[in-house]
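Comments concern the structure below.
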Amino acid sequence: MDNLQIQNMATTYEARKIEEEIYKFWETNECFKADAKSKKEPYSIVIPPPNVTGVLHMGHALDGTLQDILTRYHRMRGYEALWLPGCDHAGIATQNVVEKQLAKEGKSRHDIGREEFVKITWDWANDHKSKILNQFKKLGASFDLSRARFTLDEGCSRAVKKVFVDLYNKGLIYKGSYIVNWCPRCQSAISDIETQYENEEGKLWEISYPLKDEMGAIVIATTRPETMFGDVAVAVNPNDYKYKDLIGKKCVIPLTGREIPIIADEYVDKSFGTGALKITPAHDPNDFEVGRRHGLKSIKVIDEQGRMIACSEVHPELHGRDRYDARERTLRMLKDHQVLVRITDHLHAVGKCQRCNTTIEPLLSEQWFVKMEPLAKAAIEKVKDGSIKFVPSRWEKNYLMWMENIRDWCISRQLWWGHQIPAYYHKKTGEMVVALENPDPDNYRQDTDVLDTWFSSGLWPFETMGWPDTNSDDYKKFYPTTTLVTGFDIIFFWVARMITMGLEFTKVPPFSTVYIHGLIRDENGQKMSKSKGNTIDPVEIIEKYGCDAMRFTLTSLCTYGGQDIKLSNERFEYGRNFANKIWNASRFVLMNLTKSGKDLKLDPKDFSIADRWILNELNKVIKEVNENIENYRIGEVASILYDFFWNYYCDWYVELSKIEKNEAVMAYVLEQSLKLLHPIMPHITEKIWQLMPVEKSEAALMKTDFPVYNKEFEFEYESEQMQNVFEAIKSLRNLRADFNIPVGSKINIKIDGDEDLFSKIIPYIKRLARVENVEFEKNSKDEKHCAYCSVGDTKIIVPLEGLIDINKEIERQNKKIQKFEAELNSLNARLNNEKFVNSAPKEVVEQTRARTKEIKTEISTISELISKLS
RNA sequence: GGGCGUUUAGCUCAGUUGGUAGAGCGCCUCCCUUACAAGGAGGAUGUCGGGAGUUCGAGCCUCUCAACGCCCACCA
């Protein structure tokens with residue numbers, strides 16, 4: 001080949017240079033653009049939109065790689081494939097970032113006002129949207145950027161408003177005063193799943209509440225004494241004999257003198273603490289329920305900043321103090337009044353804000369909620385009946401458990417960045433209207449709250465396709481989407497909501513398969529996080545090892561069970577080495593092709609036994625690769641291809657080609673391999689393919705057809721014969737190693753056995769086992785000073801006068817016999833067992849018999865050889 | 001308290017309907033044989049966490065115990 005480009009191929013794969021060049025090539029040629037008007041069957045994936053605040057991390061790299069593999073595979077399989085990219089506006093996270101920036105200038109958002117703040121945040125978001133998507137490009141992502149969306153863009157806003165208004169009109173959204181998780185730092189309510197519980201060492205204080213009208217007291221236990229000013233009752237279990245007589249009576253809250261009733265409620269656990277519980281409906285979700293059951297009012301004693309209020313009359317010194325400060329002061333007073341009975345250590349779970357880790361304050365507050373139970377019904381149904389499948393399936397159970405115990409979703413957030421709630425209040429009468437637009441801006445003001453970020457991401461699969469315009473081309477072509485790829489950490493946050501909303505508003509599941517992969521962890525199994533400093537930056541890995549190398553490594557680590565993936569820098573050497581192997585094998589092939597175009601057409605007449613063998617192996621691999629991708633066993637695909645390309649094509653076929661080559665087959669197997677590898681390693685395969693002088697119907701490999709099983713290339717018989725040849729060659733190499741025969745010194749052999757086969761492959765043996773002369777000889781008379789190999793009943797005799805120690809050779813052969821005999825014994829044990837012969841499947845019995853026969857042959861061959869030696 | 005996962009070679013992990021163990025890295029020996037030392041040839045290494053059961057046969061199925069990890073719900 002006189003092609004200059006091929007001559008100039010570097011001896012190591014220069015990943016970054018080539019990857020950037022190839023990605024540009026795809027972009028310039030608009031290879032990723034999906035055509036909504038195409039006649040092809042659609043395949044679509046929407047990206048889990050990364051936060052605008054984010055930078056690319058390994059989780060994205062894995063998630064993105066898998067989506068890209070599926071997209072590229074289906075594109076090559078003839079689907080109209082769309083991978084739709086986009087970003088999430090990430091309400092709290094983004095607002096936090098911008099507020100921090102303002103704080104550096106000594107300002108708060110209140111100083112500049114809502115309008116200005118939102119404007120600044122938009123600028124910031126616009127800036128970062130492209131940053132994160134550009135980073136995704138470094139992954140080789142074949143997503144259609146012309147369709148990139150943002151959860152706060154016009155289309156999404158329209159969808160969000162419509163969904164909100166519709167749900168409201170159906171009575172599935174309501175506003176009300178309930179206990180919510182309040183983050184005193186974010187100054188907003190957050191949902192239950194945004195609250196993360198951490199175990200903390202705390203104290204359990206037992207406080208004596210004196211009875212009214214009689215002697216004695218009831219001792220309650222609490223972890224939060226400062227809330228006692230908001231107590232409205234003391235509750236005991238109705239079956240608790242200790243307190244039987246006190247039910248219905250009254251007691252007095254210490255430090256205040258306020259009288260409260262002693263009530264009975266099943267909720268109270270007799271065995272915990274003192275068995276008596278103070279009820280503070282305004283600051284505890286369980287107490288709130290108890291309070292409601294008993295018609296008790298709520299007294300709010302902590303405000304939205306986490307400061308004490310409403311105790312000013314009795315204890316003005318507490319007013320306005322932080323809740324923890326107030327706790328200390330309250331305890332001191334209780335001690336002084338001698339009502340603090342006992343203090344014990346107590347490990348308990350404390351709710352933290354997912355975004356800022358501030359301790360959550362359960363607070364009575366007016367918020368918007370989605371009534372989930374009626375919506376969950378269909379979402380449960382469609383997973384149960386298999387319309388939506390989780391892979392691996394165990395996540396279905398997880399999903400169903402959550403959905404079946406679902407609680408209402410608090411969707412309002414007291415933030416400025418997000419979809420403002422489309423509820424409007426009359427400035428004078430306070431009358432509320434929920435509508436797509438403000439009915440009369442002069443007289444109505446809009447609700448100041450915004451929606452939970454997950455409200456808009458819950459609509460992602462259809463809002464990005466043009467919904468509510470169900471006539472849009474994209475909606476008609478690409479919705480519902482096919483596969484959703486994500487980590488298990490957002491099944492509740494996101495997947496469940498998309499299913500729920502999708503079914504409610506589009507009447508079909510938004511996707512048919514949810515492919516859940518594991519999470520990326522560091523080498524010690526710890527979650528990667530910036531604060532721990534244990535992150536591995538994908539961009540750095542790409543720079544150092546190459547994108548395809550990273551993709552291959554990540555892919556190979558994906559197990560079918562979706563186990564978490566422990567990563568270290570070194571693991572990427574695996575992918576890099578493989579990329580380099582592909583590069584160099586291709587370089588060799590390209591350099592050795594003298595033909596091109598039509599001259600490289602396969603002609604079965606020219607197939608040698610080796611050609612048939614490799615074509616047969618390739619064919620099997622093609623079948624397995626297709627099956628495994630279809631079944632989301634993507635890690636398996638990586639290892640099948642690694643094994644085939646390296647251990648079959650490179651180690652054997654290319655080596656054999658140095659002796660006797662069939663250019664057409666050599667090129668064909670390479671081209672097919674490149675296609676098979678393309679979804680995982682798109683750049684290197686595209687580059688090499690473009691250098692190949694084969695006939696091309698497309699300008700890009702990524703546009704060609706993915707290989708499919710071809711019955712014409714079934715050559716099982718030749719395949720088995722070649723396995724024998726390889727066995728023989730390995731045996732000879734083995735022998736050389738055992739007797740320390742240097743590679744430089746050639747050996748001669750005599751073959752006694754399958755002359756028909758071995759005569760065909762003499763050149764292979766000569767070259768690969770470094771043999772000088774081959775003779776065929778029945779019942780060879782050579783005896784002493786020989787070493788032996790055997791493959792089946794074929795004997796290979798290696799006269800090695802003076803080079804070998806006879807005793808050592810006997811020992812060597814005996815070892816082999818021992819191995820075979822061990823196996824033979826276990827096989828015989830089985831065959832002598834009547835129950836095995838009767839109850840095992842026929843094929844298994846047959847196999848066992850056949851194997852026994854094989855082993856017996858081997859043993860007798862070897863024994864014969866030994867007898868000649870001794 | 002409920003659920004899930006993990007336990008296999010020194011390390012990291014595969015092992016798809018049960019037929020007696022594999023890869024990468026690491027280790028040992030030899031080799032720069034004109035695609036590749038990010039390479040080639042050969043080699044060593046496992047009572048598959050413990051115990052019991054089902055079966056002709058168990059890494060795989062059932063039960064149980066242990067250790068580690070995750071999720072959900074929480075006792076104020």
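The values are calculated or read from the model by the stated rules, or taken from the named source; none is laboratory data. Please read these numbers as outputs of a predicted model, since none were measured by experiment. FYI the Cβ positions are ideal-geometry reconstructions off the backbone, even for glycines, and counts take in every protein chain you see.
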Next item on the list: Hand me the list of strands (runs of 3 or more DSSP E) wholly inside the stretch A:220-307 holding 2 or more residues that are in contact with a Phe, Trp or Tyr (Cβ under 8 Å, 6 or more places away or on another chain) and under 25 Å from A:E328 (Cβ atoms).
Entry: A:250-252, A:276-279
Note to self: Residues to consider are A:K544, A:K532, A:K566, A:K581; find the one that is within 13 Å of RNA strand B (Cβ to nearest atom), in contact with a Lys or Arg (Cβ under 6 Å, 6 or more places away or on another chain), among the charged types (D, E, K, R) and farther than 30 Å from A:I173 by Cα.
What the structure shows: A:K566
Notebook entry, point to check: Which members of the stretch A:717-774 meet the condition of being at pLDDT 85 or above, assigned to a helix (DSSP H, G or I), more than 16 Å from RNA strand B (Cβ to nearest atom) and hydrophobic (A, V, I, L, M, F, W, C)?
Noted result: A:I762
Item checked: Close pairs (8 angstrom Cβ cut-off, 6 or more residues apart or separate chains): closer than 14 Å to A:Y243 by Cα in the stretch A:204-230, basic (K, R) and within 10 Å of RNA strand B (Cβ to nearest atom) anywhere -> A:Y209/A:K278; A:I220/A:K278
Next item on the list: Only residues that are closer than 25 Å to A:N569 by Cα and surrounded by 21 or more Cβ atoms within 10 Å (Cβ to Cβ): list them for the stretch A:24-58, please.
Entry: A:P50, A:L56, A:M58
Next item on the list: Working only within the stretch A:643-657, note down all residues that are near RNA strand B (Cβ under 6 Å from one of its atoms), of a type in the set (D, E) and closer than 17 Å to A:A579 by Cα.
Entry: A:D651
Notebook entry, point to check: Residues of the stretch A:589-622 being closer than 27 Å to A:L4 by Cβ and surrounded by fewer than 17 Cβ atoms within 10 Å (Cβ to Cβ), which ones?
Noted result: A:M591, A:N592, A:T594, A:K595, A:S596, A:G597, A:K598, A:D599, A:K601
Next item on the list: With the condition kept exactly as written, say whether any residue in the stretch A:162-177 is acidic (D, E), surrounded by fewer than 17 Cβ atoms within 10 Å (Cβ to Cβ) and out of contact with any Pro (no Cβ under 6 Å at 6 or more places or on another chain).
Entry: yes
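Okay, residues lined up against (1) farther than 30 Å from A:V234 by Cβ; (2) of a type in the set (S, T, Y):
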| residue | (1), (2) |
| --- | --- |
| A:D127 | yes, no |
| A:S130 | yes, yes |
| A:L133 | yes, no |
| A:K137 | yes, no |
| A:V160 | yes, no |
| A:A189 | no, no |
| A:Y197 | no, yes |
Margin query: Checking the conditions here, which among A:Y475, A:Y424 is over 29 Å from A:E304 (Cα atoms), surrounded by fewer than 24 Cβ atoms within 10 Å (Cβ to Cβ) and not charged (D, E, K, R)?
Written below: A:Y475
Check: In the stretch A:313-337, what residues are within 18 Å of A:T223 (Cα to Cα) and of a type outside the set (D, E, K, R)?
Finding: A:Y324, A:A326, A:T330, A:L331, A:M333, A:L334
Next item on the list: Sort out which residues of the stretch A:695-725 are of a type in the set (A, V, I, L, M, F, W, C) and surrounded by fewer than 19 Cβ atoms within 10 Å (Cβ to Cβ), and write them in order of number.
Entry: A:A699, A:A700, A:V708
Check: Can you find even one residue in the stretch A:178-195 that is closer than 22 Å to A:Y475 by Cα and in a loop (DSSP other than H, G, I, E, B)?
Finding: no
Next item on the list: Quick one: in the stretch A:149-206, of everything that is under 22 Å from A:N51 (Cα atoms) and within 16 Å of RNA strand B (Cβ to nearest atom), which residue is farthest from the chain's Cα centre (by Cα)?
Entry: A:A189
Item checked: Count - residues of the stretch A:600-642 that are more than 10 Å from RNA strand B (Cβ to nearest atom) and among the polar types (S, T, N, Q) -> 4
Checklist line | Residue among A:I263, A:I360 that is buried (at least 17 other Cβ atoms within 10 Å of the Cβ), more than 29 Å from A:Q196 (Cα to Cα) and within 16 Å of RNA strand B (Cβ to nearest atom) | finding: A:I263
Next item on the list: Run down A:L56, A:L62, A:L82, A:L70 and say which single residue is in contact with a helix residue (DSSP H, G or I) (Cβ under 8 Å, 6 or more places away or on another chain), part of a loop (DSSP other than H, G, I, E, B) and in contact (Cβ under 8 Å) with a residue 60 or more places away in the chain.
Entry: A:L56
Next item on the list: Sort out which residues of the stretch A:567-604 are in contact (Cβ under 8 Å) with a residue 60 or more places away in the chain, part of a loop (DSSP other than H, G, I, E, B) and within 30 Å of A:R521 (Cα to Cα), and write them in order of number.
Entry: A:L567
Next item on the list: State which residue is nearest to A:C558 (Cα to Cα) when the search covers only the stretch A:487-504 and only residues that are among the small types (G, A, S) and assigned to a helix (DSSP H, G or I).
Entry: A:A496
Notebook entry, point to check: Do we find that A:R521 is of a type outside the set (A, V, I, L, M), at negative phi and surrounded by fewer than 23 Cβ atoms within 10 Å (Cβ to Cβ) in this structure?
Noted result: yes
Next item on the list: Filter the stretch A:826-850 down to residues that are more than 8 Å from RNA strand B (Cβ to nearest atom) and closer than 24 Å to A:G753 by Cβ and give me whichever is surrounded by the fewest Cβ atoms within 10 Å (Cβ to Cβ).
Entry: A:A850
Item checked: Where A:Q813 falls short, out of the listed (1) surrounded by fewer than 14 Cβ atoms within 10 Å (Cβ to Cβ); (2) more than 10 Å from RNA strand B (Cβ to nearest atom); (3) at pLDDT below 85; (4) not aliphatic (A, V, I, L, M) -> (1)
Next item on the list: Return only the number of the condition from (1) modelled with pLDDT under 95; (2) within 20 Å of A:T685 (Cα to Cα); (3) away from RNA strand B (no atom under 11 Å from the Cβ) that A:M666 does not satisfy.
Entry: (1)
Notebook entry, point to check: Does the stretch A:652-674 include one or more residues that are out of contact with any helix residue (DSSP H, G or I) (no Cβ under 7 Å at 6 or more places or on another chain), on the phi > 0 side of the Ramachandran plot and touching a residue at least 40 places away in the same chain (Cβ under 8 Å)?
Noted result: no
Note to self: Quick test for you: out of A:M308, A:M372, pick the one residue that is surrounded by 18 or more Cβ atoms within 10 Å (Cβ to Cβ), touching a residue at least 40 places away in the same chain (Cβ under 8 Å) and touching a Leu at 6+ places or on another chain (Cβ under 7 Å).
What the structure shows: A:M308
Item checked: Members of the stretch A:549-566 that are in contact with a helix residue (DSSP H, G or I) (Cβ under 9 Å, 6 or more places away or on another chain) and free of Cβ contacts under 8 Å to residues at least 60 places away in the same chain -> A:T553
Item checked: A:E214 vs. criteria modelled with pLDDT under 90, of a type in the set (D, E, K, R) and under 36 Å from the mean Cα position of the chain (by Cα) -> no
Item checked: Qualifying residues in the stretch A:223-241 (those that are within 22 Å of A:I343 (Cβ to Cβ) and out of contact with any strand residue (DSSP E or B) (no Cβ under 6 Å at 6 or more places or on another chain)) - the one surrounded by the fewest Cβ atoms within 10 Å (Cβ to Cβ) -> A:R224
